[in-house]
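Notes for the one structure printed next.
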Amino acid sequence: MVVNTFFEVRLEQLLNLAEIIEKIFSAARLEYRVAGGLATYFYVEEAVPDAGRLTKDIDIIVRRVDLGKIAEAAEVFGFRYQPATDMLVRLSDPTVRRAIHLVFAGEKVRPEYIEPAPELGEGLRIRGIALIPLVDLIRMKLTSFRAKDRAHIIDLDEAGLITPEIEAALSPTLRERLGEARARG
């Protein structure tokens with residue numbers, strides 16, 4: 001039997017980092033939600049096992065007002081907050097590729113984005129990790145709409161997760177982008 005050890009090791013690293021995030025936020029008694037590629041991976045894997053694609057880092061949605069407490073709690077677990085990039089990086093290995101990217105609830109990630117990041121609503125837990133609601137993940141992916149976001153949209157769609165109800169709840173611009181992603185897919 002052939003085993004993709006690279007994939008397994010990378011998945012284990014991501015899950016370990018996600019567990020540290022949970023510990024940081026539990027210790028500080030703060031809320032967060034995993035977004036981005038890791039949230040996509042978890043949702044797709046729950047729907048269609050072995051269909052998810054891995055990501056390099058972890059994006060989490062947090063409240064800006066909690067930033068001081070987040071930075072303080074992260075240091076106890078060996079991470080430092082970098083204000084210039086809004087990331088938590090390991091003190092022992094401060095590479096951006098393995099960082100925790102902070103996305104602020106209710107704020108645009110980039111000024112040109114048509115929608116802000118979602119507020120911290122009721123999330124879903126998969127493997128003990130707090131995820132943003134699926135509809136918010138889809139909105140975020142369609143808002144940023146980079147090549148990797150379009151790939152994630154196709155993954156979510158092929159897993160049957162973009163339902164007619166979710167599609168109907170999207171703004172006209174985001175529905176148009178969904179159609180574009182499907183046409184390219």
Checklist line | Spans of strands (runs of 3 or more DSSP E) in segment 16-88 with at least 2 residues aromatic (Phe, Trp, Tyr) | finding: 79-82
Margin query: When you check residue 79 against the structure, is it without any contact (Cβ under 8 Å) to a residue 24 or more places away in the chain and among the hydrophobic types (A, V, I, L, M, F, W, C), yes or no?
Written below: no
Check: Could you list, in sequence order, the residues of segment 93-125 that are loosely packed, with under 14 Cβ neighbours inside 10 Å and in a strand (DSSP E or B)?
Finding: 125
Item checked: One residue from 73, 28, 18 being under 16 Å from the mean Cα position of the chain (by Cα) and either among the β-branched types (Val, Ile, Thr) or buried (at least 17 other Cβ atoms within 10 Å of the Cβ) (or both) -> 18
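Residue-wise test of (1) touching a Gly at 6+ places or on another chain (Cβ under 7 Å); (2) more than 22 Å from residue 143 (Cα to Cα); (3) free of Cβ contacts under 8 Å to residues at least 40 places away in the same chain.
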{"residue": "46", "(1), (2), (3)": "no, yes, no"}
{"residue": "62", "(1), (2), (3)": "no, no, no"}
{"residue": "69", "(1), (2), (3)": "no, yes, no"}
{"residue": "74", "(1), (2), (3)": "no, yes, no"}
{"residue": "91", "(1), (2), (3)": "yes, yes, yes"}
{"residue": "114", "(1), (2), (3)": "no, no, no"}
Note to self: Test of understanding: among 141, 148, which residue is within 14 Å of the chain's Cα centre (by Cα) and either at pLDDT below 95 or exposed (fewer than 15 other Cβ atoms within 10 Å of the Cβ) (or both)?
What the structure shows: 148
Next item on the list: Considering each of 85, 40 in turn, give the residue that is surrounded by 21 or more Cβ atoms within 10 Å (Cβ to Cβ), among the polar types (S, T, N, Q) and under 19 Å from the mean Cα position of the chain (by Cα).
Entry: 40
Next item on the list: Output the number of residues of segment 167-185 satisfying the condition of being buried (at least 17 other Cβ atoms within 10 Å of the Cβ) and under 24 Å from residue 49 (Cα atoms).
Entry: 2
Next item on the list: Within segment 19-73, track down each residue that is hydroxyl-bearing (Ser, Thr, Tyr), closer than 19 Å to residue 90 by Cβ and modelled with pLDDT of 95 or more.
Entry: 32
Next item on the list: Just need a number here: residues in segment 128-185 that are among the β-branched types (Val, Ile, Thr) and within 25 Å of residue 62 (Cβ to Cβ).
Entry: 7
Notebook entry, point to check: Just for segment 155-185: of the residues that are among the aliphatic types (A, V, I, L, M) and outside any helix (DSSP H, G or I), which one is farthest from residue 112 (Cα to Cα)?
Noted result: 159
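The values are calculated or read from the model by the stated rules, or taken from the named source; none is laboratory data. Remember, predicted model here, so these are calculated numbers, not experimental data. FYI the Cβ positions are ideal-geometry reconstructions off the backbone, even for glycines, and counts take in every protein chain you see.
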